[in-house]
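The block underneath contains the structure these notes are about, expressed in structure tokens.
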Amino acid sequence: MVATVGHGGRPHASRGWGVTVLDGDGARIRLLLDADDAALEANLRGGSRLAVNGTDVRTLDSVQTKGRVVSLEEADAVDRHRMRRHCDLFWGAVEEVDGFPREMTAHLIPRRLLACVAELDEWYDQTPGPNAGQSLADPDAGPGSLSGR
């Protein structure tokens, strides 16, 4: 899931369709988004920060990251391949765990993709339980650092 904020503080949530870590410490990513989500694109082009939440369907281990947009660009063939792989793995896990047939999710897959390069500077544990919401940042390593990565 990807969240942004528009003018007047109006929140907007959307789906992410794959991610590539662009550096060794995970602070820079290439996130695939639905290019037909006009509100999301307007918020990102307008300088909104973004929050990205990723969850393992099988374990419910979940991490939220926050950061800022570096660039928005058209998705390429590598991005489209990554999205197909992401969908195959994610919807396969949903089908395995919940019994929800992947054929029923085909209408959710975007026709066009937008690639967002973002720099992340906050990380939180969002796994259900007593530690949900706890920062994963290492206070001794400085901003943007993540302990146990």
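The values are calculated or read from the model by the stated rules, or taken from the named source; none is laboratory data. Keep in mind that what you see is a predicted model, and the values were worked out from it rather than measured. Backbone-built Cβ (ideal geometry, glycine too); neighbour counts: all protein chains shown.
Structural remarks
- Lone qualifier among Gly24, Gly8 - being more than 16 Å from the chain's Cα centre (by Cα) and assigned to a loop (DSSP other than H, G, I, E, B): Gly24
- Failed item, numbered, when Glu96 is tested on (1) more than 15 Å from Leu120 (Cα to Cα); (2) under 17 Å from the mean Cα position of the chain (by Cα): (2)
- Residue check, Ser71 part of a loop (DSSP other than H, G, I, E, B) and in contact (Cβ under 8 Å) with a residue 40 or more places away in the chain: no
- When the residues of segment 27-59 are filtered to those that are assigned to a loop (DSSP other than H, G, I, E, B) and polar (S, T, N, Q), the one that is farthest from Glu74 (Cα to Cα) is Thr59.
- Condition check for Arg10: at pLDDT 95 or above, over 17 Å from Tyr124 (Cβ atoms) and of a type in the set (Lys, Arg): no
- Pair list, Cβ under 6 Å, 6 or more apart: segment 1-24 residue surrounded by 13 or more Cβ atoms within 10 Å (Cβ to Cβ) and hydroxyl-bearing (Ser, Thr, Tyr), other residue part of a loop (DSSP other than H, G, I, E, B) and at pLDDT below 90: Thr4/Ser48
- Residue within segment 49-57 that is closer than 15 Å to His12 by Cβ and touching a helix residue (DSSP H, G or I) at 6+ places or on another chain (Cβ under 9 Å) present: yes
- For segment 38-65, taking the residues that are under 25 Å from Glu95 (Cβ atoms) and over 13 Å from the mean Cα position of the chain (by Cα), the one that is surrounded by the most Cβ atoms within 10 Å (Cβ to Cβ) is identified as Val57.
- Considering residues of segment 118-136 that are surrounded by fewer than 16 Cβ atoms within 10 Å (Cβ to Cβ) and within 21 Å of Asn43 (Cβ to Cβ) only, the residue nearest to the chain's Cα centre (by Cα): Glu119
- Residue in segment 92-107 that is of a type in the set (Ser, Thr, Tyr) and either closer than 21 Å to Val21 by Cα or at pLDDT 95 or above (or both) present: no
- Of the listed requirements (1) within 27 Å of Gly133 (Cβ to Cβ); (2) touching a Cys at 6+ places or on another chain (Cβ under 9 Å); (3) of a type in the set (Gly, Ala, Ser), Ser71 misses just one: (1).
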